[in-house]
Amino acid sequence: MATTETADTVALDPKRDRLVITASSLGTVFEWYDFFVYGILAATIGKLFFPADNPALSTLASLVAFGVGFGVRPLGAILFGYFGDKIGRKYTFLVTITLMGGATAAIGFLPTYATAGVWAIVLLIALRCLQGLALGGEYGGAAIYVAEHAPKGKRGQYTSWIQASVAGGFLLAVLVVLVTRKIVSDPADFEAWGWRIPFLISILLLAISLWIRLKLSESPVFKAMKEAGTTSKNPFVDSVKYPGNIKRIFVAMFGVAAGLTVIYYNSQFYTLYFLTGTARIPETDALLYMAMGAAIAAPFYVGAGWLSDKVGRKKILLVGYALTIIFTFPLFWTMADAANPALAKATEQSPVTLVSPECAFNPLAPTQQTVCGKALNFLSKRGISYSKAEGGEVALKVGTATVQGFDEKAYVAALQNAGYPDKSDEAQRKPWLIVLCVALLVILSALTYGQVAAILVEMFPARIRYTSMSIPYHFGTGYFGGFLPAISQWIVVKTGGTFMGLWYTVGVVVMAFIVSAIWLEENKDKELD
């Protein structure tokens, strides 16, 4: 089919469009695979790089390092946004995927804390920073490239494949980790060397991504700007000075990026840590449930993008926010009951209360010095939900039983006598209900994430589009979403409530709903200049 392309109209060319969507989406799948592998293996990495006497604290330290990668994403957005608006979309995201793949593979070669001490931590965080830098430039490039190829009326549908590929990256990471654990079945071998395999596979994925993306030509919109000599001389400065752009950047950051990101990571990482930590399900089982739920719900990302072309982006986004606010807690309550019925029953029938004087408890400290600190440390390690009460001496109340002071064996005995299980009983578990809850959480993400690339691309002018959309997106995702696992875990440890970390997600979504409802414009029929 012949095509005629200008800066404001792109004709339909099925063969070209399939290549554009496939290349951009597969590259995004592989790049997010690189990023998600770390999050899935956070507990193992915590043991190897951040040793402590409490596994929960090792995991928390590992999650902080995970968040660091998100923290530098805005810098990547500024750097690669500049080049994307100056030299082109195609070559910029070739660089970002190379940097991401190389940094991920390098993690697979790192020495652990036992071998290199503090240098192991320094190198790990440095590579996490490189990953975040690369990801800061990847998403904007892929989203813009697809959107600028999309014919009128199909922009939401075309770009939704980019969003679905983010879920695909998570799904691929889960499957690779599951297969690796199956092959390296001995836990000691997995901790010794098996954990490196998912990282080293990035070398193969990088080669495939580069081969596919090298087949692409430049975006028609950027080519038209280049020919007309209208590209920006300094995209970052122009993004700040362009009339009304500061307002659009803030709406994109607080109304779009922040909300959709906490929903997405709540449906992925927080759910995984909840199943393995609080519900005490073995990691391999939890990953399998996550993979099944994500696979069931993945088509909804494309469905949301397609529907946004018909009824509008803003309506779908606000519906997704509202449903998240309403259903987040009920879905996690249901999932907890299905994952560990005995724990849910014991929590209801024999609530735990820690009586203690005021004491300083640092969740990040490797050891606790005070009696009450040791008691809090024990409860957080076991994933037990508890309340606090003021008292002159430390005492643990489990139902009607009371244990004075801190005695770990006595604490364990009191919990066991009250019916608190050490792990989830597979015979009592309801896998289908867990998978359903995971799928519903991912569908909430799809309603807010499926059309986001179209929303952001349509908000900003072409000459500064890469920079203008990348900066708010990665500030929003980097800081609101990237630190979600660590912040939520910290809230749980500090409050004693296993569900209290969900308030972070709900609070951010309420903010995003208000900002989007008032200030986000509907641009689904807008021509891309």
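Annotations
- Of all the criteria given as (1) of a type in the set (S, T, N, Q); (2) in contact with an Asp or Glu (Cβ under 8 Å, 6 or more places away or on another chain); (3) more than 30 Å from THR230 (Cβ to Cβ), the one not satisfied by THR467 is (3).
- Set side by side, the residues SER165, SER209 differ, and just one is surrounded by 24 or more Cβ atoms within 10 Å (Cβ to Cβ), closer than 25 Å to LEU441 by Cα and small (Gly, Ala, Ser), which is SER165.
- Look at the stretch 495-515: where a residue is modelled with pLDDT of 90 or more, no partner that is surrounded by fewer than 15 Cβ atoms within 10 Å (Cβ to Cβ) and charged (D, E, K, R) sits 6+ places away or on another chain with Cβ atoms under 8 Å.
Each row is one residue, and each column tells you yes or no for (1) touching a helix residue (DSSP H, G or I) at 6+ places or on another chain (Cβ under 8 Å); (2) farther than 30 Å from GLN404 by Cβ.
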{"site": "LYS310", "(1), (2)": "no, yes"}
{"site": "LEU317", "(1), (2)": "yes, yes"}
{"site": "GLY320", "(1), (2)": "yes, yes"}
{"site": "ASP337", "(1), (2)": "yes, yes"}
{"site": "LEU343", "(1), (2)": "yes, no"}
{"site": "THR347", "(1), (2)": "no, no"}
{"site": "VAL352", "(1), (2)": "yes, no"}
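- One residue from ALA192, ALA150, ALA207 being part of a helix (DSSP H, G or I) and either more than 24 Å from THR92 (Cα to Cα) or modelled with pLDDT under 85 (or both): ALA192
- Candidate set: the stretch 409-424, residues that are in contact (Cβ under 8 Å) with a residue 24 or more places away in the chain and loosely packed, with under 13 Cβ neighbours inside 10 Å; chosen: the one farthest from LEU331 (Cα to Cα): ASP422
- Of the helices (runs of 4 or more DSSP H) lying entirely inside the stretch 217-322, the ones with 1 or more residues being out of contact with any Lys or Arg (no Cβ under 6 Å at 6 or more places or on another chain) and free of Cβ contacts under 8 Å to residues at least 40 places away in the same chain are found at 220-228, 235-241, 245-250, 283-297, 299-311.
- Among the candidates PHE269, PHE329, PHE236, the residue that is surrounded by fewer than 19 Cβ atoms within 10 Å (Cβ to Cβ) and within 30 Å of SER424 (Cα to Cα) is uniquely PHE329.
- The condition (being assigned by TED's automatic domain parsing to the domain that holds THR180 and on the phi > 0 side of the Ramachandran plot) is satisfied by just one residue among GLY277, GLY305, GLY293, GLY312: GLY312.
- From the list TYR449, TYR386, the one residue that fits, being buried (at least 20 other Cβ atoms within 10 Å of the Cβ), hydroxyl-bearing (Ser, Thr, Tyr), in contact with a strand residue (DSSP E or B) (Cβ under 7 Å, 6 or more places away or on another chain) and touching a residue at least 12 places away in the same chain (Cβ under 8 Å), is TYR386.
- Test: residue in the stretch 337-356 that is closer than 22 Å to THR278 by Cβ and among the basic types (Lys, Arg): yes
- Candidates are the residues of the stretch 213-224 that are aliphatic (A, V, I, L, M) and at pLDDT 75 or above; the one that is nearest to ALA150 (Cα to Cα) is ALA224.
- One residue from ALA65, ALA120, ALA103, ALA126 being farther than 25 Å from GLY481 by Cα and not aromatic (Phe, Trp, Tyr): ALA120
- ILE125 vs. criteria under 21 Å from ASP34 (Cα atoms), assigned to a helix (DSSP H, G or I), at pLDDT below 85 and within 21 Å of the chain's Cα centre (by Cα): no
- Any chance PHE36 is under 21 Å from LEU172 (Cβ atoms), at pLDDT below 75 and assigned to a helix (DSSP H, G or I): no
- Among all residues of the stretch 91-98, there is at least one that is in contact (Cβ under 8 Å) with a residue 12 or more places away in the chain, crowded, with 20+ Cβ neighbours inside 10 Å and aliphatic (A, V, I, L, M).
- Residue that is modelled with the lowest pLDDT, among those in the stretch 336-370 that are in a helix (DSSP H, G or I) and exposed (fewer than 15 other Cβ atoms within 10 Å of the Cβ): GLU348
- Look at the stretch 178-198: where a residue is assigned by TED's automatic domain parsing to the domain that holds GLY102 and without any contact (Cβ under 8 Å) to a residue 40 or more places away in the chain and a partner is acidic (Asp, Glu) and assigned to a loop (DSSP other than H, G, I, E, B), sitting 6+ places away or on another chain with Cβ atoms under 9 Å, you get ALA192/ASP186; GLY194/ASP186.
- Residues of the stretch 153-189 satisfying the condition of being small (Gly, Ala, Ser), in a helix (DSSP H, G or I) and over 24 Å from the mean Cα position of the chain (by Cα): ALA188
- In the stretch 484-495, the count of residues that are assigned by TED's automatic domain parsing to the domain that holds ASN266, under 12 Å from GLY259 (Cα atoms) and crowded, with 19+ Cβ neighbours inside 10 Å is one or more.
The values are calculated or read from the model by the stated rules, or taken from the named source; none is laboratory data. What you see is a predicted model, and the numbers here were worked out from it, not measured in a lab. A quick note on method: Cβ atoms are made from the backbone with ideal geometry, for glycine too, and the neighbour counts reach across all protein chains shown.
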